[in-house]
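What follows is a single structure, written as structure tokens, with notes after it.
Just so it is clear, none of the values below were taken in a lab; they were calculated from the coordinates. It should be emphasised that the depicted structure is a prediction, and the values quoted were computed from it without experimental measurement. Cβ placement follows ideal geometry from the backbone for every residue including glycine, while neighbour counts extend to all protein chains displayed.
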Amino acid sequence: MRPYIDVHCHVGMTVSRAPVIGQSVGKCLARMASADVIGAILCPTAGGPQARGVLDSRAQNEVIANACRKYPERFPIGLGIAEVRHEQPGVDELDRAMQEEGLVGFVCHPALSGHSLGAELHAFLEVVAMHNGLCLLHQAGSTQNIATYADRFPSITFIIGHVSMSKAGQLDAIAHCAKQENIWYDVAQKPVGDESWDLAHLVNNLGNEQIMFGSDLPYYDFRLVQSQIEESQLDDETKERIAYKNAVRLVQQFRPDWVPILTPITPPQNYSEVEMWDANGARLK
Ligand SMILES: [Zn+2]
């Protein structure tokens, strides 16, 4: 199969759902290696441990930064986590993680972190805007909120995570975000759909330059989306762009010197198929 780069890859544990679900950097590398994913933009899991408040966010950010330092050819950039209830100390931690650890922005998940993609996130976005950074935003209802952010913070590049988990979600994103040059998209968890909202429909409406493959690990068996891309009616150049070429362009906004290694990963340890794909909760099925 062609190489893939994953722009939506969580490392850490989600403890706010039962059963808990997560993955280590090592298991992430093993899953990537088994499915021709040659690089990823890492971010923490939402719903992670928060017993110690912002110290837990700091620990999650350090896991991502350490992985990027250890495997810069595979993890060229990483994101921190934003928890709006940490207020200014959370903003300060994001600034520290970007200045001292080299993270390029943040991920947030409104449902798992209890907010609504409104003005409560502005202080965090201001930090990212100062660094011309990157935000991976999961939807909270309409994508209109993300389009509003993209207008307000033109120096930030946004990725809408799993832009098409339903027909309504896909049509909503097309209606609100198609004209925003600083919004990119990943197709994690996309059902095949019919011609009114399949992958070709998405490309026809959002163009083929800013749609990218995303795994949403550890919540989903991303090989389903790879199959969908490979079997779609899209031309081969468009498939290459979605699989990895668009992600290379995105990463190079933040790491101009980075060149992907297109050969497979050798994981630091071996996991069985069962350990990689069957032991991680119902949503991975
Ligand atoms: Zn996600």
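As a proxy for reagent exposure, 8, 176 were ordered by neighbouring Cβ count within 10 angstrom, fewest first; the result is 176, 8. Local charge for residue 65 was computed over the other residues whose Cβ lies under 11 Å away, with Lys and Arg +1 and Asp and Glu -1, and equals +1. The ranking of 83, 237 by Cβ neighbour count inside 10 Å, starting from the fewest, reads 237, 83. Listed by chain and number, the lysines whose alpha-carbon sits under 25 Å from that of residue 245, ignoring those within fewer than 8 places in the same chain, are 27, 70, 179, 190. Among beta bridges identified by DSSP and lying wholly in the chain, the antiparallel ones come to about 10 percent.
Packing, as the average of other Cβ atoms within 10 Å across residues, places the peptides 130-136, 21-27 in the order 130-136, 21-27, highest first. Would you work out if the stretch 1-65 is rounded, prolate or oblate? Take a ≥ b ≥ c from the square roots of the eigenvalues of the alpha-carbon gyration tensor; rounded if a/c is under 1.5, else prolate when a/b is larger than b/c, oblate otherwise. Prolate is the answer for the stretch 1-65, as a/c is 1.5 or above and a/b outweighs b/c.
Once fully extended, how much extra length lies between residue 252 and residue 69, figured as 0.36 nm per residue of separation less the alpha-carbon to alpha-carbon distance?
Using 0.36 nm per residue and subtracting the Cα-Cα distance, I get 64.2 nm.
By the count of other C-beta atoms within 10 Å, a proxy for reagent exposure, 165, 1 are ordered fewest to most as 1, 165.
Once the C-beta distance of residue 179 and residue 270 is scaled by a Förster radius of 30 Å, the resulting FRET efficiency is 0.05 to the nearest 0.05.
Local charge for residue 201 was computed over the other residues whose Cβ lies under 10 Å away, with Lys and Arg +1 and Asp and Glu -1, and equals -2. Using the Cβ of residue 259 as centre and a radius below 14 Å, the other residues enclosed give a net charge of +2, where K and R count +1 and D and E count -1. Around the amide H of residue 138, modelled in the peptide plane, lie the amide H atoms of 108, 161, all under 5 Å away and 5 or more residues distant in sequence or on another chain.
Taking 0.36 nm per residue of separation and subtracting the Cα-Cα distance, full extension of the segment from residue 88 to residue 130 would add 13.5 nm. Placing +1 on each Lys and Arg Cβ and -1 on each Asp and Glu Cβ, with no other charges, gives the stretch 4-284 a dipole about its Cα centre of roughly 440 debye. Centre-to-centre, using Cα atoms only, the stretch 61-82 and the stretch 171-197 are separated by 27 Å.
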